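So the structure is just underneath, and the comments pick up after that.
The values are calculated or read from the model by the stated rules, or taken from the named source; none is laboratory data. From a predicted model like this one, the values you see are computed outputs, not experimental measurements. Positions of Cβ are backbone-derived with ideal geometry, glycine not excepted, and every protein chain shown enters the neighbour counts.
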Amino acid sequence: MAAAGDYREPLRSVLSAHKDRGAWGLSGVLSTQLARAVRLVLDDGPQAPGFVGGEGPICLVPVPSSPRQVRARGYDHAMALARRAARNLGQGPHSVRVRARAVLRRVGSVADQSTLGRGARIRNQAGSMRARTAPRGASAVVVDDICTTGSSLAEAFRALDEAGWRVLGGAVVAHPSRGGQQCGKPPCEIVQVPLDCL
């Protein structure tokens, strides 16, 4: 699991504005950060250096929001970031072809996680996602804006694995630093990305 930065100011406010206040123009800056975290996951892949995901496609798979949250926001913030990150990764001298795909869906309902502790978040997410069956040889990098406890990412990994996906890891824009405490599995590595553009 890789994160582009620590979940503190100014990144915290930028993520909140993008996700909760419709500041869609921030998706360019945030998707650049997400692409850098995805790149670290790919560079640490099973065949690194030059890892390209095996015989099938590499998909950036966003952790799904509930349909209610998407309606309330007016757009799917995680998919918007995944699409732009995929475009970013396809540019430049070290480009890699990835596609953003809405492979996961929510089943049932989950409580708002913001007030829940780690154990409650894990229980809340358990069994809450299903994935489409993987195309032959397909690999996935799970992407999200924030990893706090890792419960959403862990559930996404479970659902993808159950549907036959080769899960390469997870990448997020931000992770709250807690003195060495890690989010979810596998452990989160904070990528040192300059955030002066924020």
For Gly127, which of the numbered conditions (1) assigned to a helix (DSSP H, G or I); (2) at pLDDT below 90; (3) of a type in the set (Gly, Ala, Ser) fails to hold?
-> (1)
Are there any pairs, at least 6 apart or on different chains, whose C-beta atoms fall under 6 Å, with the first in the stretch 63-78 and surrounded by 12 or more Cβ atoms within 10 Å (Cβ to Cβ) and outside any helix (DSSP H, G or I) and the second among the hydroxyl-bearing types (Ser, Thr, Tyr) and at pLDDT 80 or above, and if so, which?
-> Val63/Ser152
Only residues in the stretch 143-168 that are under 14 Å from Ala2 (Cα atoms) count as the first member; pair them with residues that are outside any helix (DSSP H, G or I) and of a type in the set (Phe, Trp, Tyr), Cβ under 9 angstrom, at least 6 apart or cross-chain, and list the lot.
-> Ile146/Tyr7; Cys147/Tyr7; Thr148/Tyr7; Leu168/Phe51
Taking Asp112 and the conditions (1) within 13 Å of Ala154 (Cβ to Cβ); (2) loosely packed, with under 15 Cβ neighbours inside 10 Å; (3) modelled with pLDDT under 60, which numbered condition does it fall short on, given that it satisfies the others?
-> (1)
Can we say Leu34 is at pLDDT 75 or above, within 18 Å of the chain's Cα centre (by Cα) and crowded, with 24+ Cβ neighbours inside 10 Å?
-> yes
